[in-house]
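Laboratory data are not the source of any read-out in this text; all were calculated from the coordinates shown. All values derive from a computational prediction rather than experimental measurement. Here the Cβ is made from the backbone with ideal geometry for all residues, glycine too, and neighbour counts use every protein chain on show.
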Amino acid sequence: MAETTAAAGAGAVPRFRNPLLPEVCTIQKVIAETDAGDVKTFHVTFDEPGRQESFKYKPGQCAMVSLVGAGESMISITATPSRPDHLEFAIKNAGRHTGLLHLLRPGQKLGVRGPYGNDFPLEAMQGKNLVIIGGGIGLAPVRSLINYCLDNRDRFKHIDIIYGARSPGDLCFKYDLFENWPKYSDTSVHVTVDKGDQNWTGAVGFVPAFTEQVAPSPRDAIAVLCGPPIMIKFTLATMAKLGFGDEQIVTTLEMKMQCGVGKCGRCNIGDKYVCVDGPVFTLAELKRLPQEF
């Protein structure tokens with residue numbers, strides 16, 4: 001796409017940005033989210049002057065995060081556009097490339113290209129009650145949405161945040177769950193773990209059953225789900241039991257995405273490309289797709 005950087009000034013000639021070319025970023029901060037350190041959040045900023053301000057994205061979109069000579073991975077943007085001073089990527093150590101990313105420290109460089117994909121339907125959500133459900137690292141993609149909604153709190157009705165992980169040590173973003181998000185008006189945070197420990201005093205149970213206990217109302221509501229496929233499968237059954245319709249449920253697909261622009265064919269389902277048409281879909285849209293995912 002053609003683009004003029006903020007640093008170029010008025011009257012500058014627009015220049016083309018190759019959507020497949022990574023841009024250099026510097027790591028400003030690294031947060032170990034879990035006790036085992038297998039999930040880390042990286043705060044990064046673009047090295048190019050003015051690029052931080054001109055990098056426009058919406059909650060739900062992704063970016064390719066890369067290391068020279070080591071490859072790249074499609075990662076959800078965990079930051080929110082309402083807080084534009086830096087980008088955040090919560091990355092789980094799940095293989096060779098993400099393992100190498102986990103070795104990086106503040107001051108070191110990585111590549112970012114994007115943003116890619118569609119976003120959560122913010123217009124349709126305005127004036128609605130929101131039910132946002134995450135499991136494990138699945139809280140990362142919806143964290144951008146949650147913070148955006150909280151930063152624009154007057155645009156939305158009641159917000160229920162339901163989150164679960166395998167154990168207390170596997171909970172991500174504990175500073176948001178227990179400190180930041182509960183401070184907002186008309187916002188309820190519900191946290192559960194599959195199995196507690198001697199220090200855990202909260203709820204114990206799997207996300208689908210816990211969601212049924214919380215029992216959010218489908219009236220004038222939109223629900224957003226993100227987590228492991230098995231969690232989504234059983235939570236969808238819970239949502240139907242609670243009375244949520246297919247058009248009221250929004251979820252995300254995780255597919256192997258390599259190019260990000262719908263050309264390589266790695267992530268197509270029927271005539272849809274997850275990197276372009278997704279990763280965000282309503283349940284009604286998913287039911288119209290071939291059963292390939």
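Quick notes on this structure:
- Taking 17 Å as the straight-line reach from the Cα of K263, the aspartates and glutamates in range (excluding those fewer than 8 positions away in the same chain) are E72, D271, D277.
- In Hz, Karplus ³J(HN,Hα) per residue of segment 133-150 (6.51, -1.76, 1.60; θ = phi - 60°; x = Gly, Pro): 10, x, x, x, 5, x, 6, 4, x, 8, 4, 4, 5, 4, 5, 5, 5, 5
- Placed amide H near T34: partners under 5 Å, 5+ positions off or other chain: V39
- Cβ-based net charge around V189, under 13 Å, with every Lys or Arg adding one and every Asp or Glu removing one: -1
- DSSP beta bridge pairing in the chain, given as percent antiparallel to the nearest 5: 60 percent
- With all pairs of separate Cα atoms included, segment 122-252 yields a Kirkwood hydrodynamic radius of 14.6 Å.
- Here the chain is treated as a sphere whose radius is the Kirkwood value from Cα pairs; by Stokes-Einstein at 20 °C and 1.002 mPa s it diffuses with a coefficient of 108 µm²/s.
- In segment 122-252, lysine pairs with alpha-carbon atoms under 27 angstrom apart (chain gap of 8 or more, or interchain): 16
- Net charge, Q52 excluded, C-beta distance under 13 Å - Lys, Arg +1, Asp, Glu -1: -3
- Per-peptide average of other Cβ atoms within 10 Å, ordering 167-173, 281-287, 59-65 highest first: 59-65, 167-173, 281-287
- In segment 150-293, the DSSP beta bridges split such that about 30 percent are antiparallel, to the nearest 5.
- ³J(HN,Hα) computed for each position of segment 30-40 - Karplus, 6.51 cos²θ - 1.76 cosθ + 1.60, integer Hz, glycine/proline x: 10, 10, 7, 7, 9, 4, 7, x, 7, 10, 10
- Cysteines in the chain lacking a second Cys C-beta under 4.7 Å: C25, C62, C149, C172, C226, C267, C275
- D154 paired with Y184, simple spin-label distance in nm, labels 7 Å along Cα-to-beta-carbon: 1.5 nm
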